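Below: the structure, in structure tokens.
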Amino acid sequence: MDSGELHYLTYDPEAIWAEMMDAYQAEGGDALYPGDEKELLLRSVLADITQVLAGVDNALRMQTLRYAAGEYLDVMGEGRSCPRIEASKAKATVRIHTRTTGRAVTLGKGTAMTANGEMFYLLTDNLSLSGYEQSLTAEIEAERAGSAGNGLLAGTQMQLAVSQEAVDTIFASADAVGGNEREEDEVYRDRIRNYWLTSVTTGPARQYEAAAMGVSSAIVDAKALRIGAGQVGVYLILSDDTGAAAILQAVTEALSDEELRPLTDQVTVSVAEEITYTLNVQYAADAGSTTSAAIAAAVAAYTEWQDNSVGRAFDPNRLNAYLYQAGCTRVIWGEGSKLGEDGAVEYTEIPASSRLKGSITLTALTS
């Protein structure tokens, strides 16, 4: 068993087997040797016992927020009125202008259209065309779930996947909104821990942050700050820029709920301003695939920590530590390393409403 984690039942299959042998022989059983049919039967009984113990231990662990996963975590979140953000498809409206053809046709539910040939949207209902020139409004839904579907902006021209002579032009009349990836377990677990704050109506910072994070799985981090008397600024980091305007609008609406926002607060929502950094890292290390993989993992861990929090200070010393722990014997900052335009590569505070986004290049020292 994994001794590094909490278990409610601990057991040792070999110790259980030894007790089974003692009990068997105490009842007059003879010595058993590998391959003996009695030994095989008792081994199968041992397997059943350990499976039952493992199942009970796992069931108990699934009742805790620390270890719950999958549907067990869903049940725990629902019990705290904090449902998981499920995968969803973006929706939008389009304006379709038709030509005169003299005959009525129907664009069936599921008729596909696209703006770029990569992301397709489908009609959510049948649309009847009279056969004469007319303009119609219709609702469409992204073919697949995910935030990528939010990339369709109002005014974008689209075309049918299979042409129809009656259709002249199609333009998106509203931004696509509502597309989400399914929230991952670890992100969901952290949100459950913080979600109880959303039931408080006194306006603490973490209340706004927890509510904002619950809007979309595309929100990596949120930071609420007092920017003036009765004014609250909420700054977000998004996983990508697709549908950013729609996400900001959705967060603004969520934070304007009367049960969440005190009457004295005026809340504004924006994407955190990016401050870039460049680290050209020169390093020495013993050759080996294991060391190379550990160094790459160290860089990824640092980037995850440094770039995905609003207001986190620039701390290249942490990357230094990660690299030495990964097996590097020497680490130096190469030419071109900087914070912003010309900042030094050293611990530096950044504005609380900003976030860092960096570029890290590794070069092995030759001597």
Go through (1) among the hydroxyl-bearing types (Ser, Thr, Tyr); (2) at pLDDT 90 or above; (3) crowded, with 19+ Cβ neighbours inside 10 Å one by one and return the number of the condition Thr198 breaks. (2)
If you go through region 128-170 one residue at a time, how many are over 32 Å from the mean Cα position of the chain (by Cα) and either crowded, with 19+ Cβ neighbours inside 10 Å or closer than 22 Å to Ile247 by Cβ (or both)? 4
Scanning region 171-187 residue by residue, those closer than 15 Å to Ala138 by Cα and either over 33 Å from the mean Cα position of the chain (by Cα) or in a loop (DSSP other than H, G, I, E, B) (or both) turn out to be Ser173, Ala174, Asp175, Ala176
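In region 139-161, what residues are hydroxyl-bearing (Ser, Thr, Tyr) and in a loop (DSSP other than H, G, I, E, B)? Full working, then the answer.
Here is the first cut: in region 139-161, the ones hydroxyl-bearing (Ser, Thr, Tyr) are 147, 156.
Thr156, the sole residue that qualifies.
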Residue by residue through region 330-367, note down the ones that are aromatic (Phe, Trp, Tyr) and either within 30 Å of Ala287 (Cβ to Cβ) or assigned to a strand (DSSP E or B) (or both). Trp333
For the structure I just gave you, tell me whether Ile96 is at pLDDT below 90 and not in a helix (DSSP H, G or I). no
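Residues to consider are Glu341, Glu304; find the one that is modelled with pLDDT of 90 or more and loosely packed, with under 14 Cβ neighbours inside 10 Å.
Details: Glu341 fails: modelled with pLDDT of 90 or more.
From the options Glu341, Glu304, the qualifying one is Glu304.
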Can you pull out the residues in region 75-108 that are among the charged types (D, E, K, R), surrounded by fewer than 17 Cβ atoms within 10 Å (Cβ to Cβ) and within 27 Å of the chain's Cα centre (by Cα)? Glu78, Arg80, Glu86
In region 34-46, residues that are exposed (fewer than 10 other Cβ atoms within 10 Å of the Cβ) and assigned to a loop (DSSP other than H, G, I, E, B) total 2
Sort out which residues of region 219-247 are farther than 12 Å from Val269 by Cβ, at pLDDT 90 or above and among the aliphatic types (A, V, I, L, M), and write them in order of number. Val220, Ile237
Between Ala31, Ala54, Ala68, which is in a loop (DSSP other than H, G, I, E, B), small (Gly, Ala, Ser) and surrounded by 12 or more Cβ atoms within 10 Å (Cβ to Cβ)? Ala68
Given the criteria crowded, with 20+ Cβ neighbours inside 10 Å, farther than 26 Å from Gln266 by Cα, touching a residue at least 24 places away in the same chain (Cβ under 8 Å) and not polar (S, T, N, Q), does Glu183 qualify? yes
Say whether the condition of being touching a residue at least 60 places away in the same chain (Cβ under 8 Å) and on the phi < 0 side of the Ramachandran plot is met by at least one residue in region 309-322. yes
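The values are calculated or read from the model by the stated rules, or taken from the named source; none is laboratory data. Keep in mind it's a predicted model, so treat the numbers as computed, not measured. Glycine also receives a Cβ, built like all others from the backbone with ideal geometry; neighbour counts cover every protein chain displayed.
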